[in-house]
Amino acid sequence: MPVPGHLSGHIFSCIDAHTCGNPVRVVAIGGPELEGETMSDKRQHFLREYDWIRKGLMFEPRGHDMMSGSILYPPHDPANDVATLFIETSGCLPMCGHGTIGTITIAIEEGLITPKTPGIVRMEAPAGLVHIEYKQEGRKVTAVKLTNVAAYLDSEGLAVECPDLGEITVDVSYGGNFYAIVDVQANFKGLENYAADQLIAWSRELRKRINAKYTFVHPDNPTINGCSHILWAGAVIDPTSTARNAVFYGDKAIDRSPCGTGTSARMAQWFAKGKLKEGDSFIHESIIGSKFTGKVERVTTVGGKPAIIPSVEGWAKVYGYNTISIDPADDPYAHGFQV
Ligand code: PYC
């Protein structure tokens, strides 16, 4: 990609796409070299030394509230095809479903990776190994199905005071990140009854209160901890869908896609409550009505708790090439800002 001569500082060649409406920016050139034996170790190194890259590329003025992306690395195990660091407005997530669907679409269409077996990508994420199958027509990737890390219901019926709504109960479930799931209940009528801005304001406060009162730590990887996302449930738009959700992340974002790790977490919650069984499908709608198809692939355990291996399928569209400079010597907002 050409680098226009007047750009100074650190230059990042990015490819932009969206997964069912939510953005994905893959850094094709310019990502830092990271130390570590696993993608989880490398995530820690990035957070210590290079978080300015995430902030510069994700926050305004180069990004926006929903911006999300990834940086690709060689796999640590030669049996795998790629290792991925997720960079988001919310930090470096252990796993991101819409991010994976967008990243793989970009990586295959743009030749950033050459899988050992065409149609299959073995991807190392900080949260663990993710098995991906993709469909291609000519150059275009038409569908990506990821088989996620194990998902499990961590805690049930936690009481928390929500501004305006009063006391609500949430289940906290893990699907690559920890999600507080707010099901329809006496004090919450369903996401379609409230403005998105209202859900965002409540989510920020709710997340603070949940994390102040309760602790969530992944039993196999203590660097994965804390409830980072709030999943609001609601009525479906299309009667053929199973459920609808609005997932809050970062400080001001509602996922425009149905959220891959949120879908995984919710399937684990439904499985634990006997509403889904092995082999069942789960069509999840987003706030804008876009859909992912989930499936309970297998049953397993995590830290002695019943768990599932969920899969999530969706699509992404590549829409732009973006050469971005971050030059703190030239731009006071090189590292972004949040209002
Ligand atoms: O798709 O897993 C996901 C995700 C996490 C945050 C935003 N999207």
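Where a number appears in this text, it was derived from the coordinates with a stated rule and is not lab data. These numbers were taken from a predicted model, which means no experiment stands behind them. So basically every Cβ, Gly included, is an ideal-geometry build from the backbone, and we count neighbours across all protein chains shown.
Here are the numbers:
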item: Hits among aspartates and glutamates - C-alpha to C-alpha of residue 135 under 14 Å, sequence gap 8 or more where chains match; result: 109, 313
item: Residue 51 versus residue 187: modelled label distance in nm, points set 7 Å from Cα along the beta carbon direction; result: 3.2
item: Reach of residue 140 by Cα under 21 Å, taken over lysines that are not fewer than 8 positions away in the same chain; result: 116, 291, 317
item: Computed E for residue 330/residue 116 - FRET, C-beta separation, R0 51 angstrom, nearest 0.05; result: 0.75
item: Cα gyration tensor shape for the stretch 228-301, rounded if a/c is under 1.5, else prolate or oblate; result: oblate
item: Diffusion constant of the stretch 152-260 at 10 °C, which comes from Stokes-Einstein with the Kirkwood Cα-pair radius and 1.306 mPa s, µm²/s; result: 112
item: Contour excess over end-to-end distance, with Cα ends at residue 142 and residue 278 and 0.36 nm allotted per residue; result: 46.3 nm
item: Residue order, fewest to most beta carbons within 10 Å, for 90, 173, 286; result: 90, 286, 173
item: For the stretch 206-339, convex hull of alpha carbons as volume per residue, Å³; result: 178
item: Spin-label zone in the stretch 26-68 - amide nitrogen under 16 Å from a point set 7 Å from the Cα of residue 220 along the C-beta vector; result: 38-41
item: Shape metrics for the chain, restricted to C-alpha atoms - Rg then Dmax, Å; result: 19.1, 60
item: Cβ-Cβ FRET estimate between residue 298 and residue 60, R0 fixed at 45 Å, reported to 0.05; result: 0.60
item: Projected area averaged over orientations for the stretch 294-339, convex hull of C-alpha atoms, nm²; result: 7.7
item: Cβ charges +1 (Lys, Arg) and -1 (Asp, Glu), total dipole of the chain, debye; result: 600
item: Kirkwood Rh, Cα atoms: Rg over Rh of the stretch 100-225; result: 1.10
item: Label-to-label distance, nm, for residues given as residue 238 and residue 133 (7 Å Cα→Cβ offset); result: 2.0
item: Fully extended contour minus Cα-Cα distance, from residue 204 to residue 44, at 0.36 nm per residue; result: 55.2 nm
item: The stretch 1-112 shape via C-alpha gyration tensor axes, a/c threshold 1.5; result: rounded
item: Debye, to nearest 20: dipole size of the stretch 75-173, +1 on Lys, Arg Cβ, -1 on Asp, Glu Cβ; result: 740
item: The stretch 1-145, relative contact order in percent, only Cα pairs under 8 angstrom and at least six apart counted; result: 20
item: Amide H contacts under 5 Å for residue 60, placed H, 5+ residues apart; result: 337
item: Cβ-Cβ FRET estimate between residue 8 and residue 288, R0 fixed at 41 Å, reported to 0.05; result: 0.60
item: Two-site label geometry, residue 213 and residue 159: point separation in nm, points 7 Å out along Cα→Cβ; result: 0.8
item: Cα-based reach from residue 277 at 14 Å (exclusive), listing aspartates and glutamates while leaving out same-chain residues under 8 positions away; result: 297
item: C-alpha center-to-center spacing [the stretch 1-80, the stretch 147-196] in angstrom; result: 30
